[in-house]
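Participant: Structure below; questions to follow.
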Amino acid sequence: MTDAPASQFTPRVFSGIQPSGGLTLGNYLGALKRFSEMQDEGRECIYCMVDLHAITVWQDPDKLRHNTRELAAGFIASGVDPEKSILFNQSAVPEHAQLAWIFNTVARMGWMQRMTQWKDKAGKNAEKASLGLFAYPALMAADILVYHATHVPVGEDQKQHIELTRDVAAKFNHDYGVDFFPMTEPVIEGAATRVMSLRDGSKKMSKSDPSDASRINLTDDADTIAKKIRKAKTDPDALPSEAKGLEDRPEARNLVNIYAAFTNQSVDQVLAEVGGKQFGEFKPMLADLAVAKLSPISTEMARLLNDTTEIDRVLARGAAQAREITVPILKKTYEIVGLVGA
Ligand code: TYM
């Protein structure tokens, strides 16, 4: 058996976001902003609203429909151009779910049990969690591998799932004696791969945090953004002039990381500019920057959502383009597995 390194395969970027309601600054800096940058580097990019993943926990059907279109608007408003990238929703491309079933037979129960996202989401109530939530990473592996995607831009929290995707590919290749699926590389880059809560620097910024003040939503207006940054938890010290000085200051580090990500600078570059300043001075700078970068996005999202027929047209076309890639890869997978009549 040999692992099929990603380098044997045509470079291809894939990533997804759940339409489970509300995009945060974490989704923007950790994912969406990177998605449009990778597209603008001229790579082949495929981006997906993973609605089948969203329903692994209960979703109100009307809200799910709305959230899927709102997420599509968020992708486009953040710079993902459907003329350059393939943009669609997961359920419209049935090969994702079909390959996921095969991967359910490849992945092991123990692998799933070790997933920290499963442990966090199912918690003590694992008996009552859906079977889909448990199998979630196998569907994610299928999302990626049904395109033979070589690179997956994600935030830090998805790293373990990409490692599992590599395990699934390696075991499939080994069990069937083929070099069919690539060893996909996670792309976890930039200053904001883990944007933290504005209220608690030890917790990830998340749409599911009960405190709205803990996060910036892409739909927040300028005043709300400025107020949330002004009220963000910090410490009383001035900013240091080098990254090392942020080591034991999670809240300060988070705000500097956000500034660095928005301005495409390293943390050291930012600190060379703002080192020595108090938060009373730095927070308004960050608030102005966040408003300047995010306002055009929320305005464009609102405009796009005025006419959902246009969004639906974009998604239908994206799904058709996606299927040109997924149908032959699934067909070949069925042949390898020995399923007759594929
Ligand atoms: P999801 O929907 O939770 O998040 C979408 C993307 O946003 C990133 N992200 C963050 N990045 C930095 N700081 C944060 N606070 C933050 N919060 C979220 C996530 O890392 C992710 O990149 N399982 C995935 C969706 C998925 C997927 C895939 C991703 C399904 N199939 C295939 C890549 C490839 C998820 O739940 O992401």
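The values are calculated or read from the model by the stated rules, or taken from the named source; none is laboratory data. Just so it is clear, the model here is predicted, and its values are computed rather than measured. Please note: Cβ atoms are built from the backbone with ideal geometry, for glycine as well, and neighbour counts cover all protein chains shown.
Participant: If you check Leu23 against the conditions, is it farther than 17 Å from Ala261 by Cβ, aliphatic (A, V, I, L, M) and within 14 Å of the ligand (Cβ to nearest atom)?
Facilitator: Values: farther than 17 Å from Ala261 by Cβ: no; aliphatic (A, V, I, L, M): yes; within 14 Å of the ligand (Cβ to nearest atom): yes.
It is false that Leu23 is farther than 17 Å from Ala261 by Cβ, aliphatic (A, V, I, L, M) and within 14 Å of the ligand (Cβ to nearest atom).
Participant: Test Val314 against the stated conditions and say whether it is farther than 21 Å from Ile86 by Cα and not small (Gly, Ala, Ser).
Facilitator: On the way: farther than 21 Å from Ile86 by Cα: no; not small (Gly, Ala, Ser): yes.
No, not satisfied.
Participant: Looking at region 200-259, which of its residues are hydroxyl-bearing (Ser, Thr, Tyr) and over 19 Å from Gly30 (Cβ atoms)?
Facilitator: As a first pass, look at region 200-259 and keep what is hydroxyl-bearing (Ser, Thr, Tyr): 202, 206, 208, 211, 214, 219, 224, 234, 241, 259.
Answer for region 200-259, where residues must be hydroxyl-bearing (Ser, Thr, Tyr) and over 19 Å from Gly30 (Cβ atoms): Ser211, Thr224, Thr234, Ser241.
Participant: Looking only at helices (runs of 4 or more DSSP H) that fall completely inside region 97-197, which ones have 1 or more residues that are near the ligand (Cβ under 9 Å from one of its atoms)?
Facilitator: Numbers: elements: 109-113, 116-122, 131-145, 159-176.
Hits in region 97-197: 116-122, 131-145, 159-176.
Participant: Name the one entry in Lys227, Lys204 that is of a type in the set (Lys, Arg) and more than 9 Å from the ligand (Cβ to nearest atom).
Facilitator: Values: Lys204 fails: more than 9 Å from the ligand (Cβ to nearest atom).
Going through Lys227, Lys204 in turn, just one is of a type in the set (Lys, Arg) and more than 9 Å from the ligand (Cβ to nearest atom): Lys227.
Participant: Moving on to the next point. Can you pull out every residue in region 26-53 that is farther than 25 Å from Ile258 by Cα, within 14 Å of the ligand (Cβ to nearest atom) and out of contact with any strand residue (DSSP E or B) (no Cβ under 7 Å at 6 or more places or on another chain)?
Facilitator: Residues satisfying the conditions are Leu52, His53.
Participant: Are any residues in region 171-206 surrounded by fewer than 18 Cβ atoms within 10 Å (Cβ to Cβ), under 14 Å from Pro5 (Cα atoms) and of a type in the set (Val, Ile, Thr), and if so, which ones?
Facilitator: Result: Val178, single match.
Participant: Same structure, new question: Report, by residue number, each residue of region 230-248 that is basic (Lys, Arg) and in a helix (DSSP H, G or I).
Facilitator: Looking only at region 230-248, we keep the residues that are basic (Lys, Arg), and these are 230-231, 233, 244.
Correct list: Arg230, Lys244.
Participant: Quick one: in region 85-102, of everything that is among the hydrophobic types (A, V, I, L, M, F, W, C) and without any contact (Cβ under 8 Å) to a residue 60 or more places away in the chain, which residue is farthest from Met38 (Cα to Cα)?
Facilitator: Within region 85-102, the match that is farthest from Met38 (Cα to Cα) is Trp101.
Participant: Further, regarding this structure: Can you name the residue in region 1-20 that is small (Gly, Ala, Ser) and within 15 Å of the ligand (Cβ to nearest atom) and, of all such residues, is nearest to Leu71 (Cα to Cα)? Give the derivation first.
Facilitator: Step one: filter region 1-20 for residues small (Gly, Ala, Ser), giving 4, 6-7, 15-16, 20.
Imposing the further condition that a residue be within 15 Å of the ligand (Cβ to nearest atom) reduces the set to 6, 15-16, 20.
Details: Ala6: 29, Ser15: 13, Gly16: 11, Ser20: 9 Å.
Going through the qualifying residues, I end up with Ser20.
Participant: Limited to region 292-342, what total is found for residues that are among the β-branched types (Val, Ile, Thr), surrounded by fewer than 19 Cβ atoms within 10 Å (Cβ to Cβ) and within 30 Å of Ile229 (Cα to Cα)?
Facilitator: Going through region 292-342 one residue at a time, the tally reaches 1.
Participant: Looking at the structure I just gave you, is Tyr147 at pLDDT 95 or above, hydroxyl-bearing (Ser, Thr, Tyr), more than 15 Å from Cys48 (Cα to Cα) and surrounded by 21 or more Cβ atoms within 10 Å (Cβ to Cβ)? So that I can check it myself, show each step before the final result.
Facilitator: Values: at pLDDT 95 or above: yes; hydroxyl-bearing (Ser, Thr, Tyr): yes; more than 15 Å from Cys48 (Cα to Cα): no; surrounded by 21 or more Cβ atoms within 10 Å (Cβ to Cβ): yes.
The answer is no for Tyr147.
Participant: Would it be correct to say that Asp51 is modelled with pLDDT of 95 or more and either aromatic (Phe, Trp, Tyr) or farther than 23 Å from Lys204 by Cα (or both)? Spell out how you get there, then give the answer.
Facilitator: Values: modelled with pLDDT of 95 or more: yes; either aromatic (Phe, Trp, Tyr) or farther than 23 Å from Lys204 by Cα (or both): no.
In short, no.
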